[in-house]
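Working notes for the structure below.
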Amino acid sequence: MTLTDELSSEYADLRDTVRDFAQQVVAPVSAKHDAEHSFPYDVIRQMGEMGLFGLPFPEEYGGMGGDYFALALALEELGKVDQSVAITLEAGVGLGAMPIYRFGTEEQKQAWLPDLATGKRLAGFGLTEPGAGSDAGATATTAVEDGGEWVINGSKQFITNSGTDITSLVTVTAVTGTRDNGKKEISTIIVPSGTPGFTAEPAYNKVGWNASDTHPLTFADARVPRENLLGEQGRGYANFLSILDEGRVAIAALATGVAQGCVDECVKYAKERTSFGQPIGGYQAVAFKIARMEARAYTARQAYYAAAAKMLAGKPFKKEAAIAKMVSSEAAMDNARDATQVHGGYGFMNEYPVARHYRDSKILEIGEGTTEVQLLLIARELGF
């Protein structure tokens, strides 16, 4: 993989295939699902049949044998037209299936990954709590061993893919003990859907991402087998931090797609919409605004390509992932705002893609690490 738009034929073919799918299948139903706050089951089913949920997983687990950059390319194309669909894929792979692939036992992988990698089922990851967001070390959910089982009590919030009809599990972080230094021992535990005591509460009424599934979760003496521990006991928090680093590259790709999608919509609109006898793109004020939008999208793409290249090469990429996530999410938000301005009154109508991007994009500066957290990570990598 090079840090240019000249992709290998395999990557380019994947990108083009997903682009066609996004434009022909996803885009026509996006406004409907957004307005109805309905989950796009048929779209997700087709994405599963295309192999998108299995892109970075080996074929032995039902995957496509690709890599994380292939997933990023798919997310960029989906992000251009529908962030709800894109985040369903990103969370389903990066937060739902990837922890099991990275840290699960062979038995756990065989049990859960085939359905997740083929998109037949979805999974979520329960990290955030009412009092523990960026400060995940403040986790209050507990898991106590009792008779060969974990007894889980607590709550989680803002959990994606946690309450659909095809959700198979949520992996949660929980306090499983106290370390010698007095700090909490945090582990990750697989909780299958339907476990007594595990409840996906009513879905949130969100500003955006209306077709994405997001719920608060409660655990009241929810019991799961001791074997549902994911990874080494006490390594849950550290393991999830590594998952977040990868996820930031994926979110950066999604946000880059949003930024580029706003450019594409503006170019089309500015060539068609006339004012005072000529297309509005003929006025420098409009043309320069769109040119700056294009520069943001280009910069965001280079940032996530660079982070992905380091990740795939097995080199440290924490700083590059943080930069990519910050730059791309800000590009998405800035471009969504400018695209709405270019479209004028039409940009304020929800059936227009730029209006949905305007509502949807703010969460990109918050989810999977706020902009402030990215700045903190970058500063730490600089030695501060």
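What residue, among those in region 274-298 that are in contact (Cβ under 8 Å) with a residue 24 or more places away in the chain and buried (at least 17 other Cβ atoms within 10 Å of the Cβ), is farthest from residue 73 (Cα to Cα)? The selected residue is 280.
Residue by residue, here is whether (1) on the phi > 0 side of the Ramachandran plot; (2) within 23 Å of the chain's Cα centre (by Cα) holds:
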residue: 214; (1), (2): no, yes
residue: 222; (1), (2): no, no
residue: 236; (1), (2): no, yes
residue: 243; (1), (2): no, yes
residue: 272; (1), (2): no, no
residue: 276; (1), (2): yes, no
residue: 279; (1), (2): no, no
residue: 286; (1), (2): no, no
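When the criteria are applied in full, residue 242 fails the requirement of being under 22 Å from residue 158 (Cβ atoms), buried (at least 22 other Cβ atoms within 10 Å of the Cβ), of a type in the set (Ser, Thr, Tyr) and out of contact with any Pro (no Cβ under 7 Å at 6 or more places or on another chain).
Condition check for residue 241 on (1) at pLDDT 95 or above; (2) closer than 27 Å to residue 52 by Cα: one failure, at (1). On the stretch given as region 190-212, residues that are within 13 Å of residue 143 (Cβ to Cβ) and under 21 Å from the mean Cα position of the chain (by Cα) total 2. Taking residues in region 135-154 that are among the β-branched types (Val, Ile, Thr) and surrounded by 13 or more Cβ atoms within 10 Å (Cβ to Cβ), and partners anywhere that are part of a loop (DSSP other than H, G, I, E, B) and at pLDDT 95 or above, the pairs with Cβ atoms closer than 9 Å and at least 6 places apart or on different chains are 151/197; 152/141; 152/195; 152/197.
Residues that are hydroxyl-bearing (Ser, Thr, Tyr) number at least 3 in the following strands (runs of 3 or more DSSP E) confined to region 121-214: 167-178. Total residues in region 322-344 satisfying the condition of being under 21 Å from residue 247 (Cβ atoms), more than 16 Å from the chain's Cα centre (by Cα) and either of a type in the set (S, T, N, Q) or not in a helix (DSSP H, G or I) (or both): the figure is 0.
Whether any residue in region 310-320 is in contact (Cβ under 8 Å) with a residue 12 or more places away in the chain, closer than 28 Å to residue 211 by Cα and in a helix (DSSP H, G or I) is what I want to check.
Taking every residue of region 310-320 in turn, none turns out to be in contact (Cβ under 8 Å) with a residue 12 or more places away in the chain, closer than 28 Å to residue 211 by Cα and in a helix (DSSP H, G or I).
Taking the listed residues 8, 84, 38, the one that is within 19 Å of the chain's Cα centre (by Cα) and either more than 19 Å from residue 251 (Cα to Cα) or in the same structural domain as residue 333 (by TED's automatic domain parsing) (or both) is 38, with no other qualifying.
Residues in region 280-287: is at least one at pLDDT 95 or above, in a helix (DSSP H, G or I) and closer than 25 Å to residue 373 by Cα?
There is no residue in region 280-287 that is at pLDDT 95 or above, in a helix (DSSP H, G or I) and closer than 25 Å to residue 373 by Cα.
Scan region 164-213 for residues that are within 30 Å of residue 353 (Cβ to Cβ) and either in contact with an Asp or Glu (Cβ under 6 Å, 6 or more places away or on another chain) or at pLDDT below 95 (or both) and report the count.
Within region 164-213, residues that are within 30 Å of residue 353 (Cβ to Cβ) and either in contact with an Asp or Glu (Cβ under 6 Å, 6 or more places away or on another chain) or at pLDDT below 95 (or both) number 5.
The values are calculated or read from the model by the stated rules, or taken from the named source; none is laboratory data. Note that the structure is predicted; figures quoted are calculated from it, not measured. Positions of Cβ are backbone-derived with ideal geometry, glycine not excepted, and every protein chain shown enters the neighbour counts.
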